[in-house]
Structure formats: C-alpha cells, structure tokens
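Reading through the structure tokens given below for one structure.
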Amino acid sequence: AFRGSGKAMTEVQWAVDRWLNACTYWGTTNGKDPYIRGKWDLAVKNGSKGLLVDWKDGKEWEKDGQLELGALLWMAHDPEIMTVTGINFWLQERKFTKEPYVTTREDLSPLWGQKWLRKMREIEGKDPTKEWEKNPVKWRCDNCPVVSCAHNPSYRT
C-alpha cells in the first residue's frame, strides 16, 4: 500500500560531511568529504513520509542504530522528509521487525548531538590511523574487491 502511492528507490546510499550537510557517498564534491555514510536496501518516499527497509540474512537480532542513522541521513538529503519509519526484514525467518522504528525531524538534533556525533568522535579517538579491524564474513569476503585483506580468497602474501 505504501509503495503504491510512493516512489521506491533501491540500494540507496547517503552521506553527510562533518557539519552534517548532505554530500556524495564516495569522495570529495565541492570540498565535502563524507564523514558518516550508509547504504540501505529499499527506501520508499510518499510525500513527507519515508519508509526505510533493510534485508537481513542472519538470525533475527534487532538493533535500531542502522535504521535510525538511515533516517537521519535521508532527512539530510531530502528536506521534504519529515518522518521515516524503518523496518528490517529477516530473510531466513521471513518476517518484519516486531516494532517499526520511527524517526521524526524533531529527533534530528538530539540524535545527532547526543548519540551519533559522540560515536564518531569515540571511533576517531580509538583509531587515529584510520586502519579498521577486518572482520571476516564468509559470503561478503568471497565477493569483496579488497584483495589486500587476508580474509579475501584472492589474497596472496
């Protein structure tokens, strides 16, 4: 019903710079480098409302962070969006999130200020070299283009 009266977008990716202004997902555009970015499987826009859906291939484990961040990034890119409802769809169990996550434009300031920017500063403080821990996930590693990672099947020493 939602899709029938809205615009569906797949594999959406959004990013913001350090000042929380919308920017491109990869690299510099007009001097804006991405600071926080994310990618989601489906976004449906219906006027001032948005529906954000992410497919999950593992066991059911709810966590609001990814959907919440998606809502914040979407609102940075689209000033018409006032409310975003986020849901996960668990492919193995074939079921949706028990309770949808709803983020409104009024939530922007507290969520950015009290949660997400704090998280980013913690990450930067822990890893000033920008070298990220490599965590293997079989199906992702098999398809990953980063052949310099020891978890990639194409890796050679």
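Could you pull out the residue among GLU80, GLU60 that is charged (D, E, K, R) and at pLDDT 90 or above? Can you show your working first?
Numbers: GLU60 fails: at pLDDT 90 or above.
Unique residue meeting the criteria: GLU80.
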When you scan the stretch 78-100, do you find a residue that is surrounded by 14 or more Cβ atoms within 10 Å (Cβ to Cβ), among the acidic types (Asp, Glu) and under 14 Å from the mean Cα position of the chain (by Cα), even just one? no
For PRO153, all conditions in the list (1) at pLDDT 85 or above; (2) over 30 Å from ASN46 (Cα atoms) hold save one; what is the number of the exception? (1)
Can you spot a residue in the stretch 28-39 that is open to solvent by 10 Å² or more (accessible area, probe 1.4 Å), of a type outside the set (Ser, Thr, Tyr), closer than 23 Å to ARG121 by Cβ and touching a His at 6+ places or on another chain (Cβ under 6 Å)? no
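The values are calculated or read from the model by the stated rules, or taken from the named source; none is laboratory data. Remember, predicted model here, so these are calculated numbers, not experimental data. Backbone-built Cβ (ideal geometry, glycine too); neighbour counts: all protein chains shown. All accessible areas refer to the heavy atoms of the entire protein, side chains included, with ligands and DNA or RNA removed. Shrake-Rupley method; radii C 1.70, N 1.55, O 1.52, S 1.80 Å.
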